[in-house]
Amino acid sequence: MKRRGSAADDAAVIEGSWREPERFAVLFDRHAPHIHRYLARRADRQVADDLVAETFLAAFAKRDRYDLGHPDARPWLYGIATNLVGQHRRDEARQYRIRQAAAAEPEVPGHAERVAADVTAQAMRTLLAEALAALSAGDRDVLLLRVPAALLAGFDWYRAFPRDADENICPHNPIGTPVLCVRGDGERGDVEAYANGLRASGAVNVFTAVIVDAGHFTQEEQPERTWIAIAAFAFGA
């Protein structure tokens, strides 16, 4: 049953987000500065930035359990933030103890580690040898003289593009794994066109999200809004 009361209070926003997940962003815009100040007094700024995002992600995940009798969600959000900063401090203390214990014991690779390293090195040598063999003699000489070895694998990746293109147009069984395409509203191109390309390749559960006030790097430009979109997708809201 729909809750009666002011449409502007937090409980109404949370209730509305049960059906329209994007409405939860209103709660972030309203309370994120308060939560950030609270966390910044208990951790450094970078940690506080991360914990704010984690706080609202956790709140989004459990929003269906929110008591709608409380019109102000700040106490609920402060409780989540307090638990997260406490967990962060415990994790830091545990990592410190691990580093102290590791520093007391010199790292001596065991037999299994040495065998794994040798196998990996041999596999890389084989891949590089195959990539070089695919080049003409002249190109190979120029490559070995002018290009750092670290770029060889990158060139081989580009040479694989024609094969990838051929495989993409071959018939495929439907791919049921859900896929989310995220794009900023300031980025060129239509996210639906990209999604349709995935659907044409066999993906049957493709979803899209457009992040407001963002370009290509949505997670750097609008991290909280990006996480809300991902959470809505991941929790099947």
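The values are calculated or read from the model by the stated rules, or taken from the named source; none is laboratory data. Note that the coordinates shown come from a computational prediction; the quantities given were computed from them, not determined experimentally. So basically every Cβ, Gly included, is an ideal-geometry build from the backbone, and we count neighbours across all protein chains shown.
Answer with yes or no whether Glu54 is of a type in the set (D, E, K, R) and either in contact with a His (Cβ under 8 Å, 6 or more places away or on another chain) or surrounded by 15 or more Cβ atoms within 10 Å (Cβ to Cβ) (or both). When the stated conditions are applied, Glu54 passes them. Within the range 161-186, the set of residues being at pLDDT 85 or above, surrounded by 11 or more Cβ atoms within 10 Å (Cβ to Cβ) and under 19 Å from Phe233 (Cβ atoms) comprises Pro178, Val179, Leu180, Cys181, Val182, Arg183, Gly184, Asp185.
Just to verify a result, which residue in the range 187-223, among those that are hydrophobic (A, V, I, L, M, F, W, C) and assigned to a strand (DSSP E or B), is farthest from Gly176 (Cα to Cα)? Taking the candidates together, the pick is Ile211. Screening Leu27, Leu77 for residues that are surrounded by 18 or more Cβ atoms within 10 Å (Cβ to Cβ) and closer than 24 Å to Val182 by Cα leaves exactly one candidate, Leu27. In this structure, Ala43 does satisfy being outside any helix (DSSP H, G or I), on the phi < 0 side of the Ramachandran plot and touching a Leu at 6+ places or on another chain (Cβ under 9 Å).
Scanning the range 6-20 for residues that are at pLDDT below 90 and either in contact with a helix residue (DSSP H, G or I) (Cβ under 6 Å, 6 or more places away or on another chain) or among the aliphatic types (A, V, I, L, M) (or both) yields Ala7, Ala8. The residue pairs whose first member lies in the range 204-233 and is farther than 13 Å from Phe28 by Cβ, whose second member is of a type in the set (Asp, Glu) and surrounded by 15 or more Cβ atoms within 10 Å (Cβ to Cβ), and whose beta carbons are closer than 7 Å, counting only pairs six or more residues apart or on different chains, are Ala214/Glu221; Gly215/Glu187; Gly215/Glu221; His216/Glu187. Scanning the range 63-91 for residues that are closer than 18 Å to Arg30 by Cα and outside any helix (DSSP H, G or I) returns Tyr66, Leu68, His70, Pro71, Asp72, Ala73.
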